[in-house]
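Before any comments, here is the structure.
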Amino acid sequence: MSHNSFGHLFRVTSWGESHGPAIGGVVDGCPPGLPLTEADIQPFLDRRRPGQSKFVTQRQEADQVRILSGIFEGVTTGTPISLMIENTDQRSRDYGEIAESFRPGHADLTYHLKYGVRDYRGGGRSSARETAVRVAAGAVARRVLGAAVRIRGALVAMGGDTVDRATWDWAAVEENPFFCPDRATAARWEERLLALRKSGSSVGAVVEVVAEGLPPGLGAPLYGKLDAEIAAALMSINAVKGVEIGDGFASAALTGEENADEMRIAPDGTVEFLANHAGGILGGISTGQPLVVRFAVKPTSSILVPRRTVDRHGLDRELVTKGRHDPCVGIRAVPVGEAMVACALADALLRHRAQVPDAPLSTRLPRN
């Protein structure tokens, strides 16, 4: 199986399966001299960790990360950083029934048709368990980006019920189990998700990630567009079915006058934008404004409601997917989305510095 790596200068390769002894990854291209310890990575993994509320899978994993290489005396050495997370709560017996049948909505059929063999225990390589590695790599990427860049994510819609942006509060994101920035909406979601979990069903969601403090100039025209690479990074997350930058699809309903992000020179001499419909990217290159990206996560395919399917012998079957699953996989996708945006931005930043080392860090225009 190829294509287990992403990134160019900042490159991440993940390994491992859902029910194997461990999962892990190798981060290559991290500059030397950056302070980094396991304690710097662990808080991000703790936000993604399963079993923290009744609204996510009850699989109990400590998700304790171990750094195996690339660090000396608390700083990066510039060599590959190897990360490992042990699996400690696998229940492979829950998946015995799907050894022969393909779960609807999962990668079972496509893996079987492509490779002729698949690890049916929790989905093996196709499991969302792999995203823990991405979150760990994202913590390293944040070190590369530096403290000036702030990346935050929130769940902004669940099953079509959208947050009220007039009451958006980033502090609320850490106060509820949904990463929801609107307290009233979080209360509604709790009631709905309890009912969905009881019925054995699931629901989809939309996650928004905002990156602030970015310098202008990240990304490249045409085939290295920053928005294209961020979209590719987010689309690589399991269950993600759509990505939009800035106003995204809503832009199609605007006029040219409405959509134009007008500009003025601010008192400090920098270019000031009067709107951010573009989501911080123009022509594939960052503008210095906040990067705004949203991605849609489909409902969890593993549900307790019987669904029609087929088995590997070519027979029609009916299947109930057992095991411990998220009724809304979009919840734990929030820290994963943050991590993938961080990795894409760290890669873009390193490439930008390599090509244009003297590029300005702000939107201040040179005076003639």
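The values are calculated or read from the model by the stated rules, or taken from the named source; none is laboratory data. Owing to the predicted nature of the structure, the values given are computational and were not obtained by experimental measurement. As a convention, Cβ positions derive from the backbone with ideal geometry for all residues, glycine included, and neighbour counts pool all protein chains shown. The accessibility values were calculated without ligands, DNA or RNA, using every heavy atom of the protein model including side chains. Shrake-Rupley method; radii C 1.70, N 1.55, O 1.52, S 1.80 Å.
Scan segment 164-194 residue by residue and report those that are of a type in the set (A, V, I, L, M, F, W, C) and more than 18 Å from residue 335 (Cβ to Cβ).
Of the residues in segment 164-194, the ones of a type in the set (A, V, I, L, M, F, W, C) are 166, 168, 170-173, 178-180, 184, 186-187, 189, 193-194.
Correct list: 166, 168, 184, 187, 193, 194.
Rundown of residues vs (1) open to solvent by 10 Å² or more (accessible area, probe 1.4 Å); (2) β-branched (Val, Ile, Thr); (3) within 23 Å of residue 364 (Cα to Cα), yes/no style:
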site: 194; (1), (2), (3): yes, no, no
site: 197; (1), (2), (3): yes, no, no
site: 201; (1), (2), (3): yes, no, no
site: 211; (1), (2), (3): no, no, yes
site: 216; (1), (2), (3): yes, no, yes
site: 223; (1), (2), (3): yes, no, no
site: 226; (1), (2), (3): no, no, yes
site: 229; (1), (2), (3): yes, no, no
site: 238; (1), (2), (3): yes, no, no
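Out of the residues in segment 261-271 that are under 20 Å from residue 218 (Cβ atoms) and free of Cβ contacts under 8 Å to residues at least 40 places away in the same chain, state the one that is farthest from the chain's Cα centre (by Cα). Give the steps one after another, and end with the answer.
Keep residues of segment 261-271 that are under 20 Å from residue 218 (Cβ atoms), which gives 261, 263, 270-271.
Narrowing the set further to residues that are free of Cβ contacts under 8 Å to residues at least 40 places away in the same chain leaves 261, 263.
On the way: 261: 27, 263: 32 Å.
Restricting to residues being under 20 Å from residue 218 (Cβ atoms) and free of Cβ contacts under 8 Å to residues at least 40 places away in the same chain, the top hit is 263.
Select, from 211, 239, 233, the only residue that is closer than 26 Å to residue 128 by Cβ and in contact with a Phe, Trp or Tyr (Cβ under 9 Å, 6 or more places away or on another chain).
Working: 211 fails: in contact with a Phe, Trp or Tyr (Cβ under 9 Å, 6 or more places away or on another chain); 239 fails: in contact with a Phe, Trp or Tyr (Cβ under 9 Å, 6 or more places away or on another chain).
One residue alone meets the criteria, 233.
Quickly run through segment 240-265 and pick out the residues that are over 30 Å from residue 2 (Cα atoms), open to solvent by 50 Å² or more (accessible area, probe 1.4 Å) and either aromatic (Phe, Trp, Tyr) or not in a loop (DSSP other than H, G, I, E, B) (or both).
249, 250, 252, 253, 256, 257, 258, 259, 263, 264, 265
In segment 5-16, which residue that is open to solvent by less than 60 Å² (accessible area, probe 1.4 Å) and not in a strand (DSSP E or B) is nearest to residue 70 (Cα to Cα)?
Among residues in segment 5-16 that are open to solvent by less than 60 Å² (accessible area, probe 1.4 Å) and not in a strand (DSSP E or B), the one nearest to residue 70 (Cα to Cα) is 10.
For segment 17-75, give me each residue that is modelled with pLDDT of 95 or more, assigned to a loop (DSSP other than H, G, I, E, B) and not polar (S, T, N, Q).
29, 30, 31, 32, 33, 34, 36, 68, 70, 73, 74 - these are the residues of segment 17-75 that are modelled with pLDDT of 95 or more, assigned to a loop (DSSP other than H, G, I, E, B) and not polar (S, T, N, Q).
Among the residues of segment 134-166, how many are more than 30 Å from residue 81 (Cα to Cα), touching a strand residue (DSSP E or B) at 6+ places or on another chain (Cβ under 9 Å) and surrounded by fewer than 24 Cβ atoms within 10 Å (Cβ to Cβ)?
Qualifying residue count, segment 134-166: 5.
Taking segment 282-296, which residues are in contact with a strand residue (DSSP E or B) (Cβ under 8 Å, 6 or more places away or on another chain) and open to solvent by less than 10 Å² (accessible area, probe 1.4 Å)?
Hits for segment 282-296 are 291, 293, 295.
Being open to solvent by 30 Å² or more (accessible area, probe 1.4 Å) and touching a Gly at 6+ places or on another chain (Cβ under 8 Å): is that true of residue 276 here?
Values: open to solvent by 30 Å² or more (accessible area, probe 1.4 Å): yes; touching a Gly at 6+ places or on another chain (Cβ under 8 Å): yes.
Judged against the criteria, residue 276 is a match.
Return only the number of the condition from (1) part of a loop (DSSP other than H, G, I, E, B); (2) open to solvent by 20 Å² or more (accessible area, probe 1.4 Å) that residue 180 does not satisfy.
(2)
Name the one entry in 330, 337 that is in a loop (DSSP other than H, G, I, E, B) and either small (Gly, Ala, Ser) or under 21 Å from residue 196 (Cβ atoms) (or both). It would help to see each step written out before you state the result.
On the way: 337 fails: in a loop (DSSP other than H, G, I, E, B).
Sole residue among the options that is in a loop (DSSP other than H, G, I, E, B) and either small (Gly, Ala, Ser) or under 21 Å from residue 196 (Cβ atoms) (or both): 330.
Check 334, 329 and return the single one that is in contact with a Phe, Trp or Tyr (Cβ under 6 Å, 6 or more places away or on another chain) and closer than 19 Å to residue 180 by Cα.
On the way: 329 fails: in contact with a Phe, Trp or Tyr (Cβ under 6 Å, 6 or more places away or on another chain).
Of 334, 329, the one residue that is in contact with a Phe, Trp or Tyr (Cβ under 6 Å, 6 or more places away or on another chain) and closer than 19 Å to residue 180 by Cα is 334.
Kindly indicate whether residue 362 is in a loop (DSSP other than H, G, I, E, B), surrounded by fewer than 16 Cβ atoms within 10 Å (Cβ to Cβ), among the hydroxyl-bearing types (Ser, Thr, Tyr) and in contact (Cβ under 8 Å) with a residue 40 or more places away in the chain. Break it down stepwise before answering.
Numbers: in a loop (DSSP other than H, G, I, E, B): yes; surrounded by fewer than 16 Cβ atoms within 10 Å (Cβ to Cβ): yes; among the hydroxyl-bearing types (Ser, Thr, Tyr): yes; in contact (Cβ under 8 Å) with a residue 40 or more places away in the chain: yes.
When the stated conditions are applied, residue 362 passes them.
Restricting to segment 323-349, give me the number of residues that are under 17 Å from residue 43 (Cβ atoms), among the aliphatic types (A, V, I, L, M) and open to solvent by 10 Å² or more (accessible area, probe 1.4 Å).
Number of matching residues: 0.
Without any contact (Cβ under 8 Å) to a residue 12 or more places away in the chain and of a type in the set (Gly, Ala, Ser): which single residue out of 231, 253 fits that description? Break it down into steps so the answer makes sense when it comes.
Working: 231 fails: without any contact (Cβ under 8 Å) to a residue 12 or more places away in the chain.
Of 231, 253, the one residue that is without any contact (Cβ under 8 Å) to a residue 12 or more places away in the chain and of a type in the set (Gly, Ala, Ser) is 253.
For residue 268, work out the one condition from (1) acidic (Asp, Glu); (2) part of a loop (DSSP other than H, G, I, E, B); (3) at pLDDT 95 or above it doesn't fulfil.
Of everything listed in (1) acidic (Asp, Glu); (2) part of a loop (DSSP other than H, G, I, E, B); (3) at pLDDT 95 or above, residue 268 misses just condition (3).
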